[in-house]
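Values quoted throughout were computed directly from the atomic coordinates according to the rules given, and no laboratory measurement underlies them. Remember, it's a predicted structure, so these values are computed and weren't measured experimentally. Heads up, the Cβs are rebuilt from the backbone with ideal geometry, glycines too, and the neighbour counts pull from every protein chain shown.
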């Protein structure tokens, strides 16, 4: 089995105003960097409403549809915008994560990477924020648990910003372990070390500004013991590449090889715990060169693990 690379051209149709960091070029550069890799390229489907409704109420979907512009832009918050192609992109991004879960669980792929946008880990149940409209990874977790009957799912988030939306959507479910490393202080201001969720199923690992790979590796090495104790049936990854030293939106100093290390480590953990079953979904990363190089290193490690 190969790694599945799941994407869709509609994800390029989500256009943001000039100068916005979450721009079409992000996905273009990622896809170009992944072109030489031997993966199973899969077209992302449109997520069904019922799949999204496990995490977001119908009134929220109705509100998004009402706000979708026929031309120009609609501003949802200080940082989050919609263009005429945004809803199609968001539904493909969510659909990619669901399709990836099915492929991995059905043995069609050893693991999967969803190269999609808009990202999702800041979207709360009824609140778009931080460039995100739908909780892509949370939707994947809900699908794995409710539609596919898994007993436990771990969500590992190494984006430089705390995945406040993913935590908010999933923390009430004891079947989920949410683990996040993120810079503190930094927007959105959540993810304190003492915030363990209502059932102790959240592990937040704040990292101080200007820290590098050594601090990240120490934190995640300890976190992996927590994942082992949880024994998930599937590992979902929120793969943000904005902790890179060259990223303009944060102040951590990770290098491309740090992303290779954390991916290889997650692959080893998945082999040990859940038959190598990993679904990874693109989140942040705003320096185009750093993003594309780091995403390629990430997928290269998934490909190695799939052999």
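Computed on the Cα atoms alone, the convex hull of the chain gives a volume of 108 cubic angstrom per residue. The alpha-carbon atoms of region 40-84 define a convex hull whose volume equals 132 cubic angstrom per residue. The ratio of the alpha-carbon radius of gyration of region 229-283 to the globular-protein estimate 2.2 N^0.38 Å is 1.28. Computing FRET efficiency as 1/(1 + (r/R0)^6) for residue 268 and residue 192, where r is the C-beta to C-beta distance and R0 is 25 Å, gives about 0.30. The Cα center of region 139-198 and the Cα center of region 208-256 differ in position by 14 Å. Counting every C-alpha pair in region 82-192, the share spaced more than 19 angstrom apart comes to 45%. Each principal axis of the Cα cloud of region 1-145 was evaluated for its coordinate range; sorted largest first, these ranges are 42, 33, 22 Å.
Binning all Cα-Cα separations of region 166-259 at 10 Å, short to long from zero, yields these whole-percent fractions: 15, 48, 31, 5. Per the Cα gyration tensor, region 1-52 maps to an equivalent ellipsoid with semi-axes of 22, 19, 7 Å, ordered largest to smallest. How are the alpha carbon pair distances in region 100-254 distributed across 10 Å bins from zero to the largest one, expressed in percent? So the P(r) values, bin by bin, are 11, 42, 37, 10, 0.
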